[in-house]
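Report on the structure given below.
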Amino acid sequence: MKKSLLTALLALGSAAPAAFGQTAPFGPIGFVTQTTGITGGAGGTSVTVSTGTALMAAIVANKSNAPLTIYINGVITPANTPTTYDKIEIKDRNNISIIGVGSSGEFNGIGLYVRRASNIIIQNIKVHHVQLGPKDCIGIEGPANHIWVDHCELYNVYQGVGVDDYDGLLDIKDDAEYVTFSWNYLHDAWKASLSGYTETDTYNRKVTYHHNRFENINSRLPLFRGGTGHVFNNYYKDIASTAVNSRVGACVKIENNYFLNTKNPYVSAYSSVVGYGDISGNTLVNSPFQYSSDTYQLGACTLPIPYPYASVLNTAAEVPAVVLAGAGVGKLGTVTGVTKPVAEQLEVFPNPFKGQGTFAVNLPGPSRVGITLYTLEGRKVAEVATPDKVLSAGAHRFDYRNAGLTPGLYFYVVSTEQGSYSQKLVVQ
C-alpha cells in the first residue's frame, strides 16, 4: 500500500466528525465489531460525574442494563470513592459508555475494572499510579465481551520502582473476547498489556490493538497467552525487554507497526510452548532481536482477519506522525476523515521550511481553525493558529516564523469543523 501521509489520513473514515467534538477518528475497528458489534451507551440516558461515589452509584443503579453514558468531568480518587471499593468496577452491567470530558476525565490512584459485562466503551480518560486492589489501570476479566478502550492514557512509574510495585496498564484475562484497544497512549511502566494471566489462561480472546502509542516500557506490548490477536499501526519507542510476545500457541498478526529503540520487537519469550506470528510490513529502527534460552523466534502462522480495515491501514512509515497526532486523551477527532475538496484547499509554503512560512486555508464555510506544529517525536513546537474563534468562509493566511527550528522532519495537525488531518513539514 503506497500512499502519502495525507492520503492515508483522508482514508481513515468515510464520515467526517467535528474536530472539536467527542467523536473517534473513525468508528470502532477490529474484533469488537464482530457478531453483535459495539454501541455502549449510545441512544440512552447520560449523566456527568466528578467523584468515584457518584460514578459507582450510576453504574450500580443501572440494573435494567438500559444504554447509559457516564461522562467523567473531574478526578476520581480513592478519597472520593467509598472505602468499600478498591477499584471502580463495571460488574454485571451491560451497555455502558464511560467517556472523559475534554481532557478532564481522570482516575488517580484507583483503576477501572470490567467483569461479567458486555458492550462497554471506555474512552478519553487518563488512569495512573494505581496501587489499590488489583493494581491494573484498566482490567478486563471474563466472562465479558465486546469491550472497546479508545483514546485513553495509562501510566504508572517505571524507573526507580520494583517490577511488582504496580501491575498492568491494560490487562485482559479469562473468557473475555471481542475486544479492541485503539488510539491509547501507554507509557512509563514495567508491565503494559497482557492477554492471559497464567500459562493455562489460553482462551481465544480475539483482541485487536491498533494505532496505540507505547513508550518507556519494559515489556508486554502486548503479551498473548493463547488466542488470536491483530496488532497493527502501533508506535513503539524505548522498549527495554520485549514488545509483542506471542506465547503458548497464540497466533498474532503483526502488521505495519513502527518500532524505535525497541528490544525484541516480536518474539516468543518466557514460555516452554512458543507462540506464532503472521508478520508483514513492519519498520524496525535500532530495534534488535536478542534471542536466548528463554526468548525465541516466533513460529509462523496465518491469521485471516474477519473484519474490513484496509481503508484505515497506514504504512509503517506513516505511523509515527499519525499516532503521535491522534493517540491519547483530549485528541478525539484529531485525526479524522475529511473530504478531499476541503483538504485540497490547504497550502503550506515554502515546504521545505526555511525559518518562515505561510499556512493558507480556504474555508468552504464558517469554521474554527487550529494548526499545531510538532516534532516527529510528538513534542509540541508551536500553535500556529488557535481555534478560539469562528472564521468566515473564504481564504485565510497564517504566517509563522521561527528561525531557530532544528533542521529535520516535523509534522503539523490542521483542525477545522469538517475534520482534521496531518502532514509532514521539512525544515532546512
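The values are calculated or read from the model by the stated rules, or taken from the named source; none is laboratory data. If you're wondering where the values come from, they're calculated on a predicted model, not measured in any experiment. Here the Cβ is made from the backbone with ideal geometry for all residues, glycine too, and neighbour counts use every protein chain on show.
For the range 109-116, the count of residues that are in contact with a helix residue (DSSP H, G or I) (Cβ under 9 Å, 6 or more places away or on another chain) and within 22 Å of K191 (Cβ to Cβ) is nonzero. Taken over the range 102-127, the criterion of being over 13 Å from I70 (Cα atoms), of a type in the set (A, V, I, L, M, F, W, C) and out of contact with any Phe, Trp or Tyr (no Cβ under 7 Å at 6 or more places or on another chain) is satisfied by F107, I110, L112, V114, A117. Condition check: crowded, with 21+ Cβ neighbours inside 10 Å, aliphatic (A, V, I, L, M) and closer than 21 Å to K206 by Cα. Does I125 satisfy that? For I125, the condition - crowded, with 21+ Cβ neighbours inside 10 Å, aliphatic (A, V, I, L, M) and closer than 21 Å to K206 by Cα - is not met.
For the range 148-177, which positions are more than 19 Å from the chain's Cα centre (by Cα), of a type in the set (D, E, K, R) and part of a strand (DSSP E or B)? Residue satisfying the conditions is K173 alone. When G43 is tested against (1) assigned to a strand (DSSP E or B); (2) modelled with pLDDT under 95, exactly one condition is not met: (1).
Only residues that are farther than 16 Å from L194 by Cα, part of a strand (DSSP E or B) and of a type in the set (A, V, I, L, M, F, W, C) were counted across the range 234-248, and they come to 0. Only one entry of P304, P308 meets the criterion of being on the phi < 0 side of the Ramachandran plot, at pLDDT below 95, assigned to a loop (DSSP other than H, G, I, E, B) and not β-branched (V, I, T), and that entry is P308. Residues that are within 21 Å of F259 (Cα to Cα), outside any strand (DSSP E or B), at pLDDT below 95 and touching a Lys or Arg at 6+ places or on another chain (Cβ under 6 Å) do occur in the range 325-342. When Y185, Y166, Y197, Y155 are screened for being among the aromatic types (F, W, Y), free of Cβ contacts under 8 Å to residues at least 40 places away in the same chain and either closer than 19 Å to S103 by Cβ or out of contact with any strand residue (DSSP E or B) (no Cβ under 8 Å at 6 or more places or on another chain) (or both), only Y155 passes.
The strands (runs of 3 or more DSSP E) found entirely in the range 58-147 that carry 2 or more residues being small (G, A, S) are 94-108, 112-123. Please identify the pairs in which a residue from the range 380-408 that is at negative phi has its Cβ atom under 7 Å from the Cβ atom of a residue that is aromatic (F, W, Y) and part of a loop (DSSP other than H, G, I, E, B), counting only partners at least 6 apart or on another chain. Correct list of pairs: P387/F20.
Figure legend. Inter-residue proximity from the range 251-272: first residues part of a loop (DSSP other than H, G, I, E, B) and buried (at least 24 other Cβ atoms within 10 Å of the Cβ), second residues at pLDDT below 95 and among the hydrophobic types (A, V, I, L, M, F, W, C), beta-carbon distance below 7 Å, spacing 6+ or different chains. Indicated pairs: N257/A316; N257/V319.
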